[in-house]
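The values are calculated or read from the model by the stated rules, or taken from the named source; none is laboratory data. Since this is a predicted model, take the numbers as computed values, not measurements. Counting neighbours? That spans all protein chains shown, and the Cβs are built from the backbone with ideal geometry, glycine included. For accessibility, only protein heavy atoms count, side chains too; no ligands or nucleic acids. Shrake-Rupley method; radii C 1.70, N 1.55, O 1.52, S 1.80 Å.
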Amino acid sequence: MRRFGVGFGVGMCAAMLALGLSAAPAQGQAQVQGRDGGFGGFPGVGWAVKDTGTDARFRGLAAVSRTTAWVSGSKGTVLRTVDGGRSWRNVSPPAAAGLELRDIEAFDARRAVALSIGEGEDSRIFRTEDGGASWTEAFRNPDPRAFYDCLTFFDQRHGLAMSDPVDGKFRILSTDDGGRSWRVLPNAGMPDALPGEAGFAASGQCLVSAGPRDVWLATGGGAVARIMHSGDRGLTWTVTDAPVPGGESARGVFGLAFRDRAHGLAVGGDYRTGQPSPQAAAVSADGGRTWRPSTAAPAAYRSGVAWIPLLPSAALAVGPTGTDVTWDGGATWRSLDAGSFDTVDCAGLAACWAAGERGRVGRLEGS
């Protein structure tokens, strides 16, 4: 695994140029750079904050490309851009008014699936095939004991959604038709949940997948933070403790990212303002069977994490107090900026986006 530090060299510069990070932000857009003057030591690279025209808090984000992204959040809000964030179209599902749309997965500029959270019927799944011009309600939770947090797709047909424990086990929904219909999977292969254990609907990353069958589930609130793995699309699971803060209802793993079946990142900590979150990041190189703490973790709680395509050892982590970058696969992290974001996602070339409170959306750009 190649390591990148402050001394980037010709290869690093070529990689950044390949990502398209030489384009200056559009006029009127704020360029937010790291405390060291750039993207982890690379001058002129940072978040270009886009004007979304709303004060909704966006915890759901789907990066499709450098030009196209979807965000979802409070007050049933869904926005979509197809011009790199210069303009945003409000494509909110009318039936989701007042709901918290905490996760969204998009296949392209026209097709997306969004999840609202909450107890009982507040947990719903909506689907669009026309860029948000119309939506279909594909699932409404009939069980008042269930509370759905996150969803993920393996491909354009197969996906899962997860609920906090019901009858002592996390509940999994499955679709094999692109989100048009959903069914509850049997729970015989799911380990027992710990007392107080649940998922965090903080960034749409408590359930993530890589490849055609592997999926990981992040937990918190129990005696220890844990990460579960399934290699058969949610039918059977194994579980391991995660070396991030646990033991209280506000602590655990909040975000996961896997760049392939083996290499994973976990971030979290204690989401309460001002509470310390030591060792709030961890790394796996064996598909989540074991996790080791980052030797230099982000300085505070982080809710979202994403690998950067084309740079196999690089990733971003975000939270209310800032963004961090790693160049060595998660072993060490350094501050990029202090702006607030809740979630981050990258897709393709130069297509890293972040979203958070007060309608704040950014795209990683350079000058």
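Through the Karplus equation 6.51 cos²θ - 1.76 cosθ + 1.60, θ set to phi - 60°, convert the phi angles of the range 61-66 into ³J(HN,Hα) values in whole Hz; use x for Gly and Pro.
Here the 3J(HN,Hα) series is 8, 10, 8, 8, 6, 5 Hz.
Amide H of residue 56: which non-local residues (sequence gap of 5 or more, or other chain) have their own amide H closer than 5 Å, using H built in the peptide plane?
359
Dipole magnitude of the chain about its Cα centre, charges +1 at Lys/Arg Cβ and -1 at Asp/Glu Cβ only, in debye to the nearest 20? Could you put the intermediate results ahead of the total?
On the way: 37 positive and 37 negative charges, 110 e Å.
That gives a dipole near 520 debye.
Calculated from DSSP H runs of 4 or more alone, at -39500 (n - 2.57) each and per residue, what is the 222 nm mean residue ellipticity of the chain, nearest 500? Walk me through the numbers before you get to the answer.
Working: 1 runs with 10 residues, N = 367.
Rounded to the nearest 500, it is -1000 deg cm²/dmol.
What distance in nm separates the two pseudo spin-label positions at residue 176 and residue 51, each 7 Å out from Cα along the beta-carbon direction?
4.9
If amide H atoms are built 1.01 Å from N in the plane of the peptide, which residues on other chains or at least 5 residues away come under 5 Å of the amide H of residue 150?
Here the answer is 162, since their amide H atoms fall under 5 Å of that of residue 150.
Go through 243, 264, 138 and say which Cα lies farthest out towards the positive end of the charge dipole of the chain; charges sit on Cβ, +1 for Lys and Arg, -1 for Asp and Glu.
Going by the charge dipole, the pick is 264.
Post the alpha-carbon centroid distance, the range 253-268 to the range 333-367, in whole angstrom.
One Cα centre to the other: 17 Å.
Using each residue's phi in the range 192-201, evaluate 6.51 cos²θ - 1.76 cosθ + 1.60 at θ = phi - 60° and report the 3J(HN,Hα) Karplus result to the nearest Hz, with x for Gly and Pro.
5, 7, 6, x, x, 6, 7, x, 10, 8
Report, by chain and number, residues whose modeled amide H sits under 5 Å from the one on residue 138, excluding near sequence neighbours (fewer than 5 apart, same chain).
Placed amide hydrogens put 125, 126, 127 under 5 Å from residue 138.
Given charges of +1 on the Cβ of Lys and Arg and -1 on the Cβ of Asp and Glu, with all other atoms neutral, how large is the dipole of the range 198-264 about its Cα centre, in debye to the nearest 20? Intermediate values should be presented prior to the final figure.
Values: 6 positive and 5 negative charges, 22 e Å.
That gives the range 198-264 a dipole magnitude of about 100 debye.
Using the Karplus curve 6.51 cos²θ - 1.76 cosθ + 1.60 with θ = phi - 60°, work out ³J(HN,Hα) for each residue of the range 135-144 in order, rounded to whole Hz, and write x for Gly and Pro.
3J(HN,Hα) across the range 135-144, in whole Hz: 10, 10, 7, 8, 7, 10, 5, x, 9, x.
Need one value: the accessible area of residue 263 in square angstrom, 1.4 angstrom probe, rounded to the nearest 10.
Spelled out: residue 263, probe radius 1.4 Å, area about 50 Å².
So how exposed is residue 181, as accessible area in Å² (1.4 Å probe, rounded to 10)?
Estimated to the nearest 10 Å², residue 181 gives 60 Å².
Projecting each Cα onto the charge dipole of the chain (Lys/Arg +1, Asp/Glu -1 at the beta carbon, about the Cα centre), which of 98, 158, 87 comes out farthest on the positive side?
So the residue furthest toward the plus end is 87.
Given +1 on the Cβ of Lys and Arg, -1 on the Cβ of Asp and Glu, and no further charges, what dipole in debye does the range 175-327 carry about its Cα centre, rounded to the nearest 20?
Values: 12 positive and 12 negative charges, 28 e Å.
Rounded to the nearest 20 debye, it is 140 debye.
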